[in-house]
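See below for the structure under consideration.
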Amino acid sequence: MINEDYKAMLGGKSVIRTLSEYATARGAEIGYDNVFDYSLGNPSVPCPPDFTSDVIDMYRTAEPVKLHGYSPSLGQPAFCETVADSLNRRFGMDYTAGHIFPTTGAAGALAHALRAVTKPGDEVITFAPYFPEYQPYVNGTGAHLTIVPADTENFQINFDAFEAALGPQTAAVLINTPNNPSGAVYSAATLQRLADLLRARQTEYGHDIFLISDEPYREIVFDGGTQPYPAKFYDNTLTCYSWSKSLSLPGERIGYVAVNPRATDAELIVPMCGQISRGTGHNCPSSTMQLAVAKVIDETSDLSVYETNMNLLYDALTSIGFDVVRPGGTFYIFPKALEDDATAFCMKAKDYDLILVPSESFGVPGYFRMAYCIDTEKVKRSIPVLERFAHEVYGL
Ligand SMILES: Cc1ncc(COP(=O)(O)O)c(C=O)c1O
């Protein structure tokens, strides 16, 4: 008998994927150059040349049986040690290799982190606007996802709503900074307040509340800033990372969970992730990828194009008359739509071949997301089209 739950999910296809497929089909009709496709968060810059040459070198020189053999179930020791050293150096942490678990991207990291610290029926809290895939990620664990309404002033945390939502049923809190879709970078003050509140509630409820910190955009921060490291603020933190965006490797499926050494049962969580893998059939990411990213651990792609694109779009949108919070990082911007119904707004934009993602699936009505991981030249060409759309349809 087929599973009715997964069958029912077929009706709820990702809005982002649907729009991206539409953009590709439209591109086949009118030329993809003429479609201003702001739908998908697929990096637009190549991985660093060092990464490519290291991979080629490894394939040429390493002993094939060893290189392509099974990874140890808790990861290649060289990978785990290199990641731990890099995090310690950059963020003043004291991870050892035993606190690092390699995963298939951030999605794989979240799948393990969520299962390690919740059981079916528990509550996981996250904050709007949020990455829509959090819903299936959490549903798949049997836990329940509660959404705290957005702080639309600056897309930090709406603490009044958060304090009201937290309760004895809360097992974990899931944050994403820098944030997809708002581009907000949580400040040290936000993280400090979050940590203080969680510590107080842990004491009050007499159980741990884990912070799961999803950080695939950690390296994409603008204006020369950096993302304060959430695990520095709160001991019970599981950090989920991926090189999908920073090294432009989303198809390679490589990331990790880092367990704060001060977390409850910190020494058990990575071995537990190994057990979770047995049930999910995940196992480790490819050995080659683990070894290859370890060789370029402190490098990134040239990420500067995202800041260039953000500045162009932010300036254009504000001068057109959009209400928009300036992103601190990522490659997303999240302006207010020009009518309350964001889906209707994005449908009208499609007539101008502007592919914008309505905000409902991010848990906030009335906004839209633009993923500006596209060529700067195309961003520039899209600006007069945005102006025409806003003028002709909304009189701006
Ligand atoms: C906020 C957020 N979390 C997780 C993921 C999944 O990342 P990965 O491709 O590394 O699995 C994404 C991908 O876009 C994302 O935006």
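The values are calculated or read from the model by the stated rules, or taken from the named source; none is laboratory data. All figures in this text were calculated on a predicted structure; none of them were measured in a lab. Backbone-built Cβ (ideal geometry, glycine too); neighbour counts: all protein chains shown. In case anyone asks, the SASA skips ligands and DNA or RNA and just uses the protein heavy atoms, side chains included. Shrake-Rupley method; radii C 1.70, N 1.55, O 1.52, S 1.80 Å.
Just a few scattered comments:
- Residues of the range 101-124 that turn out to be outside any helix (DSSP H, G or I) and either acidic (Asp, Glu) or within 16 Å of the ligand (Cβ to nearest atom) (or both), as a count: 7
- Inter-residue pairs, beta-carbon under 7 Å, first of a type in the set (S, T, N, Q) and within 11 Å of the ligand (Cβ to nearest atom) and in the range 228-257, second open to solvent by 20 Å² or more (accessible area, probe 1.4 Å) and part of a helix (DSSP H, G or I), 6+ apart: SER244/PRO250
- Just one of (1) over 22 Å from CYS273 (Cβ atoms); (2) under 20 Å from the mean Cα position of the chain (by Cα) fails for TYR205. It is (2).
- Residue count for the range 189-204, restricted to those that are farther than 18 Å from ASP265 by Cα and either within 16 Å of the ligand (Cβ to nearest atom) or open to solvent by 50 Å² or more (accessible area, probe 1.4 Å) (or both): 6.
- Qualifying position, being open to solvent by 60 Å² or more (accessible area, probe 1.4 Å) and either under 28 Å from ASP37 (Cβ atoms) or at pLDDT 95 or above (or both), among ASP340, ASP298, ASP353: ASP340
- Screening ASP196 on (1) without any contact (Cβ under 8 Å) to a residue 40 or more places away in the chain; (2) under 26 Å from TYR332 (Cβ atoms) shows it passes everything except condition (2).
- Test: residue in the range 32-50 that is in a helix (DSSP H, G or I), surrounded by 16 or more Cβ atoms within 10 Å (Cβ to Cβ), not assigned by the TED database to the domain that holds LEU291 and not acidic (Asp, Glu): no
- Condition met for PRO48 (under 25 Å from GLY183 (Cβ atoms), of a type outside the set (Phe, Trp, Tyr) and touching a residue at least 24 places away in the same chain (Cβ under 8 Å)): yes
- Residue in the range 153-174 that is nearest to THR264 (Cα to Cα), counting only those that are in contact with a Pro (Cβ under 9 Å, 6 or more places away or on another chain) and in a loop (DSSP other than H, G, I, E, B): ASN158
- Under the condition of being more than 21 Å from the chain's Cα centre (by Cα) and either crowded, with 19+ Cβ neighbours inside 10 Å or not assigned by the TED database to the domain that holds THR118 (or both), the residues counted in the range 257-269 number 2.
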